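The values are calculated or read from the model by the stated rules, or taken from the named source; none is laboratory data. A quick note: this is a predicted structure, and the numbers were derived from the prediction, not measured. Glycine also receives a Cβ, built like all others from the backbone with ideal geometry; neighbour counts cover every protein chain displayed. Ligands, DNA and RNA are excluded from the accessible area calculation, which covers all protein heavy atoms including side chains. Shrake-Rupley method; radii C 1.70, N 1.55, O 1.52, S 1.80 Å.
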Amino acid sequence: MPHRATLDVSGELARYVACLLQAERRLRGTPKGSRALTCFRQAVMVLRWFRGETDIPKLGRDHKVSRATAYRYIGEGIDVLAAQAPDLHDALERARADGHVYLIMDGTLLPADRCAEQTISVKGEPIDAWYAGKAHKHAGNVQALSAPDGFPLWVSDVEPGSAHDLTAARAHLLGALYAAAAGGLPTLADGGYDGAGIGILTPIKNPSDGQLLSIDNRTHNCLLRGLRSLG
């Protein structure tokens, strides 16, 4: 039975994505009228996917395109939006311009389809590269840099789920964060980044001999956790 539905995004956003897709078609030299969907209808399908309608064959049926075309159109939408994202250095410059006094770094695991890719663990044993042992699932590790209010400023390319947060951070952003810290913009992080380097502030660990941390160190940890909680 046919029915109407409302997509919970603004018309302005849909038009913006449509303009990006139109520019991409011009860049490719796509002949006018050769596509199954207009740029606006393709933008709507892409935004539906972003808003949680992840059944791509169903999206294709809704928009009267084949499954293969639906996958291709959504992939194009992701690519044109990703191309608008600032690189790490632009994000840091914007953070300085906005007057931020610190940033928040954290990593997250995004569930992924199982990938048959092997790697060697730190113990020298072959393991499934995309299996995150801590979360007990297949995932990708993405590092994010946020403003003090928790708004994401930059995200990294994905690393296999078996990668530790500190390993992923070293691969993608620590070098730039050291330079930012030298200029007065430190980064707050959780205990998983212990040993990341100068300018990366992490909680102080409890002594291994069972002694309690001093009141100053406990206060440091409490303040640090409170400041980075939004991230």
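Can you say whether A18 is assigned to a helix (DSSP H, G or I), out of contact with any Cys (no Cβ under 9 Å at 6 or more places or on another chain), buried (at least 16 other Cβ atoms within 10 Å of the Cβ) and of a type in the set (A, V, I, L, M), as far as the supplied structure shows?
On the way: assigned to a helix (DSSP H, G or I): yes; out of contact with any Cys (no Cβ under 9 Å at 6 or more places or on another chain): no; buried (at least 16 other Cβ atoms within 10 Å of the Cβ): yes; of a type in the set (A, V, I, L, M): yes.
Considered against the rule, which asks whether it is assigned to a helix (DSSP H, G or I), out of contact with any Cys (no Cβ under 9 Å at 6 or more places or on another chain), buried (at least 16 other Cβ atoms within 10 Å of the Cβ) and of a type in the set (A, V, I, L, M), A18 comes out as no.
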* Among the residues of the stretch 173-194, write down those that are open to solvent by 50 Å² or more (accessible area, probe 1.4 Å) and assigned to a loop (DSSP other than H, G, I, E, B). => G183, G184, D194
* Unmet requirement for A163, which otherwise passes all of (1) in a helix (DSSP H, G or I); (2) in contact with a strand residue (DSSP E or B) (Cβ under 9 Å, 6 or more places away or on another chain); (3) open to solvent by less than 30 Å² (accessible area, probe 1.4 Å); (4) under 30 Å from G52 (Cα atoms) -> (1)
* Is it true that some residue in the stretch 187-201 is in contact (Cβ under 8 Å) with a residue 40 or more places away in the chain and of a type in the set (G, A, S)? -> yes
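Can you work out which of the residues in the stretch 195-231 that are under 14 Å from D106 (Cβ atoms), open to solvent by 60 Å² or more (accessible area, probe 1.4 Å) and part of a loop (DSSP other than H, G, I, E, B) is modelled with the lowest pLDDT?
Residues of the stretch 195-231 that are under 14 Å from D106 (Cβ atoms), as a first pass: 196, 200-203, 224-225, 227-231.
Within this subset, residues satisfying the condition of being open to solvent by 60 Å² or more (accessible area, probe 1.4 Å) are 201, 225, 227, 229-230.
Filter once more, so that each one left must be part of a loop (DSSP other than H, G, I, E, B): 229-230.
On the way: S229: 85, L230: 82.
Step by step, filter the stretch 195-231, then rank; the result is L230.
From the list A18, A14, A43, A36, exactly one residue is over 30 Å from G183 (Cα atoms) and more than 25 Å from the chain's Cα centre (by Cα). Which is it? Quick ask: steps written out before the conclusion?
Details: A18 fails: more than 25 Å from the chain's Cα centre (by Cα); A14 fails: more than 25 Å from the chain's Cα centre (by Cα); A43 fails: more than 25 Å from the chain's Cα centre (by Cα).
The match here is A36.
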* To do: Restrict the check to the stretch 133-147 and report whether at least one residue is surrounded by fewer than 12 Cβ atoms within 10 Å (Cβ to Cβ), on the phi > 0 side of the Ramachandran plot and of a type outside the set (D, E).
  => yes
